Each structure stands twice: as structure tokens, then as C-alpha cells.
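Read the structure below first, then the notes.
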Amino acid sequence: MILLPAQVTPDLIAKAQARAPQLFAVPWHVSALRGLTAAVVVLYLLWAIAGLGLTWERFLLGFSKLGDVLRLMVPPSDGGFWADFVEGLSETLAMAFIGTFAAALIAVPLGFIGAKTVVANPLIHFFIRRFFDVFRATPALIWALIFITAVGLGPMAGVLALILSDFAALSKLYAEAIENADKRPVEGVVSSGAGGLLALRFGVLPQVLPIMLSQALYFFESNVRSAAIFGIVGAGGIGFHLNERIRLTQWDQAAFIILMFLVTVFIIDQMSYRIRRSLIAG
Amino acid sequence: MATATARFEAEYQTIRARALFWRAIVTVVIVALLLLSAYVSDFVPARLIDGLPKIGLFFENFLPGLRQDVLLEGERTEGSFLYWFYAWDIWGLALLTSINMAILATVASVMSGFALATLAARNLGVPGWLSFLAMRLADLLRTLPDLVLALVFVFAFGIGPFAGLLAIWLHATGALTKLYAEVIENINLNQVEGLRGAGGSWLQCVRFAVVPQVLPNVASYGLLRFEINVGAAAAIGFVGGGGIGQEFVNALQANWLQDAAAILAMVVVVIFLIDLLSERVRHRLIGGVA
């Protein structure tokens, strides 16, 4: 018998429940385990929240201060420093561009070495991949701080940080692209008498180059964001100005810098998206 | 025959000339951008060569002077492992604060991200203007770097992990909303229609038709975000967001480079382990769907 939803009455439900109670109730040990897990999770989260060391006064004061900040941000104003801000922003873009370019350049040979299909030795493959992993696990900002201590404040530290944080991640992606490349072009090149490097150059590289370029562009997009942050700790670019305005509580200028940054990121993402799409399509 | 070959040859030459022309233009543009970037960011060979010895010197002081013969001795023996990690209890606690910050931020952003995504997804019958607004809000949160948000929150709530938590939560909410909205837009709508036909409200449709379909993906993206958040939580201390980052910056600024190296080693190992664990769980989650 098939019933429409409208025909199901509470009466019918009660009858069904009486006939097959196990369909309507969760077994007690399952519900006990669920309850216990939920209790542990909730207790852990409460403990973590307590560890934040927050008092009610600070919490409420914080929100009223946040309201003040938002009010003071309107209207954004350049405060007559727009030339400085543009210079800082172009420094950020320059850092991102040269950092990504250098990292991608280093990643191409490393990608070939890290690809199973090129270097077949499992031991070498294992160590190269772990080497990539260690560099990938270090946040870019830590590299920035390290290089500020080493070479001093300025964009140099930022560029070096971008290179070191990205080359390993790009190498891993490149190695995967090379491993996934079609083998038939390589066989074709080899059968016409070319070996070793020539086979890689004419059999593999044409296949993976668009992927490599597209991934480098993707990293450039994310590096513009990273490079903007680097300035906050002193590694050059627009973040320096932003940090300074926030310290001086000049919120209208801080808002101006943030807006400038958002617009720039939007434009770059759009451009990069177009180029990446045409690269993959071509 | 001859004319066909000639036509092919001519065609080939024009295509090749066009390709070379474009390649030349792209090369010139890239080289010009590169030179301009090098000039603007002051990343020139002379400065790089100037900086290399300093980097070498730094790493010489940064890397711990471990000695193999006394490696396992107590913390008073110079060159031993414990001597290097003499403050492991303080650093461990700070690292735990960072991890807790990442966990809380992830839990909060999975919930807020999912809620925002149900509004932003265009297939659940939410009015178009509301979806548009929800998506733009997510875009805004995603584009604002967490460190910039942290600067503002440190000003409002004072130095400490709460400011960092808020910053990571907002940024992660933006990132997750976009991913979750895409997942929701790809679900099978028959179940939603079935529930609606049975008289379910909008919330009931989301709970019983959408959530069961997207839960594995929501959890998997949440874990992926957790991996990112652990790194962010470690870094957010640099601007006063609490946790291990603050210890790292303090050590660097006081020029206790070996301390900084020990903290960095702890952070890298923990991030590495968390990534490994989370990757396992994610593969299992997604494998369960297929």
C-alpha cells in the first residue's frame, strides 16, 4: 500500500512504531557512544575557549572598539600619501612577480628530478619528495622573519622568503604533471633517435609547459597576498604602510590601503584567470 | 602535387612566423616586467651577492650546535638535544595554544561557512540578491589576509590568541563558503524536491536532503582548511595573535637564534604530522563516497 504524505496520520505512525520499534529508536549503545563523543568534543572545545584567556569586559570592550574602528574607517582617505601607497603596492607586486618567477625557474629542473617517470630510483625519489615536504611545511611568513634577521629589513627578505616557500610546492606540482604526461610522444621522439634530455625537451616539455605556466600564475595570485602581508613584519611592500597606519590609529588611511589592495587583487585575479584558461585550452 | 606542397609550405611559414612573432612579444613583455620588478623590489645581483654571506652567517648561528657524543645527555650539557630544547614545556604549551586556536577557528568556520554557503548556493531557492550578497561577502572575507584582520583585532581585543582566532575564523569562513557553495550546487536536487513535496520547510530540506549529500565533502574541505589554519595560527603570533608565533618572534628579536631554530623545528614537525594524519582521514572520507 502506498500512502501520500497527506494520508499519513499520527495514528498510523503510532501503529507502525508499535509493530517495528527498532526502526524508530537508535540502539542504546550507539546513542551512548555518540553522547560520549559529543561530550568529549564539547568539553575539549570549552577547555580551548577557556585557554584563550578572555574576560567578559575585554570581550565587550573589544566589540565597542571594533565599532569605533569601523566608524573611523568611513570615509577612507589617502591623507595625501597616495604616492607612497602606490609605491608600496608596486613594490608588493614586484616582489610577488620576481619571487614567483625565480621559484618556478628553480622548480622546473627539480620537478623533472622529482618525477618517478624521469628518475626511477625509488630511494632518490623518496628523499626528494621528503625534501619538498619539509620546505612546504614551513609557512612563508617564517621564512620572511628569518630573512629579515639575516639580510635586514626590506623587499629583499620578502623575495627570498617567497622563493623558499614556493619552489618546493611548485616542484611537487611539476613532478606530478610530468608523471601524468602522455608517454607516446616520448616514445615517438626516442624512436626517431633522440635520447635522454632531447626526449624530455621534445617529448615531455611541450605537454607540461602550459600546466607549469598556469600553476605559476596561480602561485603569483597567492603570492601577491603573501607579499602584502610580508610588509607587516618589515619585509617590504604595502603591508609596511598598513601596519604603520594601524599603529598610529589612522583608520581612514588604513581603510584606503585595504581598498586599494582589494581592487588590485581583484584585477590581477581576473587577468590571471583569463590567461590560465587560455593556456589550458590552448 | 607540386602546388599542394608549395601551398602547404607557404601555409606552414605563415603559421610559424605568426607563432614566432607572438613568442617574441611575450618574451619581451616578460623580460621587461622582470627587469622592472627587480628594479622596484631592489632584488639585484649585487645586493644578493652582498647578502649571501650574511645569510650563511645567520644559518651558522641558527642551526643548533648538536654534538653526537653528548646528544642524549641532560639539559645542562652543551650540545645535547635537551640543552637545545631547554624550554620545551613553555614552547609546547604555546604550540598547543596555536593548535587549539586552529581547531576552534576551523570548527567555527565550518559552521559559519556552511550556513553562508546554503545562502550563496543558487539551487536551493534562495532569492538571487541574497545569494549574490552572501557570495560577495565570502569573496571579501577570502581576499582580506588573516594577518591584516589580526592587526585590527589585536587593536580591539588586545594581544592574545582571541584576536588571532577571530582573524583566522573570518578568513577561513570566506574560503570555505566558496568551496561549500560549489559542493551544494552540484547535489542531486531530487531529494530536496521530495522533502519539499512532503511538506518540509527550507531548514528541514537543508538538514535532511542537503547535509547528508555534502557531509563527506564538507568534512574533507574542513580538514584541508584545518591544515592551512594550523600554519596560519603559527604565523598569527607575529603580529600579536598569541601562540607559538609570539615565542618565535620574541626569540628572533632577542637574537636567541638557537631558540628560534628549536621552535621552528617543533612547528615544522607538528605541521608535517598534522598534514599526514589529515591527509589519511581525508582520503578515507572521500573514498567512502565513491
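The values are calculated or read from the model by the stated rules, or taken from the named source; none is laboratory data. This structure is a prediction, so every number in the text was calculated from the model and none was measured. Cβ: placed from backbone, ideal geometry, glycine included. Neighbour counts: every protein chain shown. Remember, those area values only see protein heavy atoms, side chains included, never the ligands or the DNA or RNA. Shrake-Rupley method; radii C 1.70, N 1.55, O 1.52, S 1.80 Å.
Taken as a whole, the condition of being open to solvent by 40 Å² or more (accessible area, probe 1.4 Å), free of Cβ contacts under 8 Å to residues at least 60 places away in the same chain and touching a helix residue (DSSP H, G or I) at 6+ places or on another chain (Cβ under 9 Å) applies to A:THR149. Just to verify a result, which residue in region A:131-153, among those that are within 7 Å of chain B (Cβ to nearest Cβ) and within 28 Å of B:PHE226 (Cβ to Cβ), is modelled with the lowest pLDDT? The selected residue is A:ALA137.
Checked against the criteria, B:ARG142 counts as among the basic types (Lys, Arg), part of a helix (DSSP H, G or I) and touching a Gly at 6+ places or on another chain (Cβ under 6 Å). Taking the numbered list (1) out of contact with any Leu (no Cβ under 9 Å at 6 or more places or on another chain); (2) surrounded by fewer than 17 Cβ atoms within 10 Å (Cβ to Cβ); (3) within 30 Å of A:VAL86 (Cα to Cα); (4) not basic (Lys, Arg) in turn, B:LEU48 passes all entries but (1).
From the list A:ILE280, A:ILE267, pick out the single residue that is touching a residue at least 60 places away in the same chain (Cβ under 8 Å), surrounded by fewer than 21 Cβ atoms within 10 Å (Cβ to Cβ), closer than 30 Å to A:ALA177 by Cα and of a type outside the set (Ser, Thr, Tyr).
Details: A:ILE267 fails: touching a residue at least 60 places away in the same chain (Cβ under 8 Å).
So the residue among A:ILE280, A:ILE267 that is touching a residue at least 60 places away in the same chain (Cβ under 8 Å), surrounded by fewer than 21 Cβ atoms within 10 Å (Cβ to Cβ), closer than 30 Å to A:ALA177 by Cα and of a type outside the set (Ser, Thr, Tyr) is A:ILE280.
For region A:191-240, a tally of residues being under 24 Å from A:ARG276 (Cβ atoms), buried (at least 20 other Cβ atoms within 10 Å of the Cβ) and of a type in the set (Val, Ile, Thr) returns 4. A single entry from B:SER41, B:SER80, B:SER112 fulfils the requirement of being within 11 Å of chain A (Cβ to nearest Cβ), among the small types (Gly, Ala, Ser) and either over 30 Å from B:TYR221 (Cβ atoms) or surrounded by fewer than 20 Cβ atoms within 10 Å (Cβ to Cβ) (or both): B:SER41.
Yes or no, residue by residue, for (1) aromatic (Phe, Trp, Tyr); (2) within 27 Å of A:ALA227 (Cα to Cα); (3) assigned to a helix (DSSP H, G or I):
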| site | (1), (2), (3) |
| --- | --- |
| B:ILE103 | no, yes, yes |
| B:THR106 | no, yes, yes |
| B:MET111 | no, no, yes |
| B:ALA115 | no, no, yes |
| B:TRP129 | yes, no, yes |
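Which of the residues that make up region A:130-146 are of a type in the set (Lys, Arg) and surrounded by 15 or more Cβ atoms within 10 Å (Cβ to Cβ)? So that I can check it myself, show each step before the final result.
Residues of region A:130-146 that are of a type in the set (Lys, Arg), as a first pass: A:130, A:136.
Selection gives A:ARG136 alone.
Can you tell me which residue in region A:40-79 is farthest from the chain's Cα centre (by Cα), limited to those that are more than 7 Å from chain B (Cβ to nearest Cβ) and charged (D, E, K, R)? Explain how you work it out, then say what you get.
First pass over region A:40-79, keeping only residues more than 7 Å from chain B (Cβ to nearest Cβ): A:40-44, A:46-47, A:50, A:55-57, A:59-61, A:63-64, A:67-68, A:70-79.
From what is left, the residues that are charged (D, E, K, R) are A:57, A:68, A:71, A:78.
Working: A:GLU57: 35, A:ASP68: 31, A:ARG71: 31, A:ASP78: 30 Å.
Among residues in region A:40-79 that are more than 7 Å from chain B (Cβ to nearest Cβ) and charged (D, E, K, R), the one farthest from the chain's Cα centre (by Cα) is A:GLU57.
Pairing each residue of region B:160-173 that is β-branched (Val, Ile, Thr) with any residue that is open to solvent by 10 Å² or more (accessible area, probe 1.4 Å), provided the two are 6+ apart or on different chains, yields C-beta distances under 8 Å for B:ILE168/B:ASP146; B:ILE168/B:ALA232; B:THR173/B:ALA108; B:THR173/B:SER112; B:THR173/B:LEU116; B:THR173/B:LEU141. For region B:256-279, the criterion of being among the aromatic types (Phe, Trp, Tyr) and in contact with a Gly (Cβ under 9 Å, 6 or more places away or on another chain) is satisfied by no residue at all. (1) at the interface with another protein chain (Cβ under 9 Å from one of its Cβ atoms); (2) aliphatic (A, V, I, L, M); (3) free of Cβ contacts under 8 Å to residues at least 24 places away in the same chain: which one isn't true of B:LEU277, the others all being true? Failed condition: (1). For region B:1-87, the helices (runs of 4 or more DSSP H) that sit wholly inside it and include 1 or more residues that are over 30 Å from B:MET266 (Cβ atoms) are B:2-40, B:45-62.
Return yes or no: is B:ILE184 modelled with pLDDT of 90 or more and farther than 30 Å from A:PRO5 by Cβ? No: the conditions fail for B:ILE184.
With the condition kept exactly as written, say whether any residue in region A:90-112 is under 24 Å from A:PHE240 (Cβ atoms), more than 20 Å from the chain's Cα centre (by Cα) and within 9 Å of chain B (Cβ to nearest Cβ).
If we filter region A:90-112 for residues that are under 24 Å from A:PHE240 (Cβ atoms), which is where we start, we get A:90-103.
Subset that is more than 20 Å from the chain's Cα centre (by Cα): A:90-91.
Subset that is within 9 Å of chain B (Cβ to nearest Cβ): A:90-91.
Yes, the conditions are met somewhere in region A:90-112.
Being assigned to a helix (DSSP H, G or I) and at the interface with chain A (Cβ under 7 Å from one of its Cβ atoms) is the filter here; which residues of region B:145-166 pass it? Don't jump to the end; show me each part of the working.
Kept after step one, since they are assigned to a helix (DSSP H, G or I), are these residues of region B:145-166: B:146-157, B:161-166.
Residues satisfying the conditions are B:LEU147, B:VAL148, B:LEU151, B:VAL152, B:PHE155, B:ALA156, B:PHE157, B:PRO161, B:PHE162, B:LEU165.
Helices (runs of 4 or more DSSP H) fully within region A:22-121 that include at least 1 residues being of a type in the set (A, V, I, L, M, F, W, C), in contact (Cβ under 8 Å) with a residue 24 or more places away in the chain and open to solvent by less than 70 Å² (accessible area, probe 1.4 Å): A:56-73, A:82-114. Within region A:253-264, no residue satisfies the criterion of being surrounded by fewer than 17 Cβ atoms within 10 Å (Cβ to Cβ) and more than 22 Å from the chain's Cα centre (by Cα). Out of B:ALA150, B:ALA156, B:ALA163, B:ALA134, one residue alone is within 22 Å of B:VAL218 (Cβ to Cβ) and buried (at least 19 other Cβ atoms within 10 Å of the Cβ). It is B:ALA134.
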